[in-house]
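Following: one structure in C-alpha cells, then a few remarks.
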Amino acid sequence: MGRSLPGYRIVLVGPDGTVGDEGKICLDLSDPPMGLMAGYVDQTGGTAGAMHGDYYHTGDIATRDSDGYITYVGRSDDVFKSSDYRISPFELESLLLQHQGVAEAAVVPSPDARRRAVPFM
C-alpha cells in the first residue's frame, strides 16, 4: 500500500488495543483528517462500530515495515460460521504459514449440510 498521505495519521491497532507494526488499520481521531466522514447517515450503530477508542477502524489488517511502508494483509471481518463458531480464514492461514512445509495458504468456507460451512484449505 505504501506510506500514508500527508494529514492522515495511520496507526495499526493490535487485538489487545495497543498500537504497533501490525493490526487493524485505523485513523487517529485526535486530529481527524479533513477527508474523513463525520459518520454514517442514519446509522448510529455503524458509526459507533467504526469510530471508537479514539480511532476510525477501517476493518482492514496490515503490517508496517521499518521504513514506514504499510502492507495490506486482509479484512478483519471476513469470518464465516461453522457449527456456531466464528472462523477467521486469516487466523487459520497465519497458523498454516508457520509450518516450514507451507509456502502459501488460503482458507475458504466449504458448504456442509450439517454445519453450514467448514474450512477448506
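All of the numbers you see were taken from the coordinates with simple rules; none came from a lab. Note that the structure is a prediction, hence the values are computed from the model and not measured. Ideal geometry is used to build each Cβ from the backbone, glycine not excepted, and the neighbour counts take in all protein chains shown.
Worth pointing out:
- Just one of (1) surrounded by 12 or more Cβ atoms within 10 Å (Cβ to Cβ); (2) without any contact (Cβ under 8 Å) to a residue 12 or more places away in the chain; (3) not aromatic (F, W, Y) fails for A105. It is (2).
- Scanning the stretch 76-98 for residues that are out of contact with any Pro (no Cβ under 8 Å at 6 or more places or on another chain) and either part of a helix (DSSP H, G or I) or over 20 Å from V118 (Cβ atoms) (or both) yields a total of 9.
So that you can scan it fast, the table gives a plain yes or no per residue for (1) within 23 Å of G2 (Cβ to Cβ); (2) surrounded by 15 or more Cβ atoms within 10 Å (Cβ to Cβ); (3) touching a residue at least 24 places away in the same chain (Cβ under 8 Å); (4) of a type outside the set (A, V, I, L, M, F, W, C):
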{"site": "I61", "(1), (2), (3), (4)": "yes, yes, yes, no"}
{"site": "S83", "(1), (2), (3), (4)": "no, no, yes, yes"}
{"site": "R86", "(1), (2), (3), (4)": "no, no, no, yes"}
{"site": "L95", "(1), (2), (3), (4)": "no, no, no, no"}
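- Residues of the stretch 6-55 classified as within 20 Å of S66 (Cβ to Cβ) and exposed (fewer than 12 other Cβ atoms within 10 Å of the Cβ), total: 1
- Considered as a group, the residues in the stretch 63-81 that are of a type in the set (V, I, T) and in contact (Cβ under 8 Å) with a residue 40 or more places away in the chain include one that is surrounded by the most Cβ atoms within 10 Å (Cβ to Cβ), and that residue is I70.
- Residue tally, condition in a loop (DSSP other than H, G, I, E, B), within 26 Å of E91 (Cβ to Cβ) and in contact with a Phe, Trp or Tyr (Cβ under 8 Å, 6 or more places away or on another chain), over the stretch 1-36: 1
- Selection status of T71, among the polar types (S, T, N, Q), part of a strand (DSSP E or B), out of contact with any Ser or Thr (no Cβ under 6 Å at 6 or more places or on another chain) and closer than 22 Å to P6 by Cβ: no
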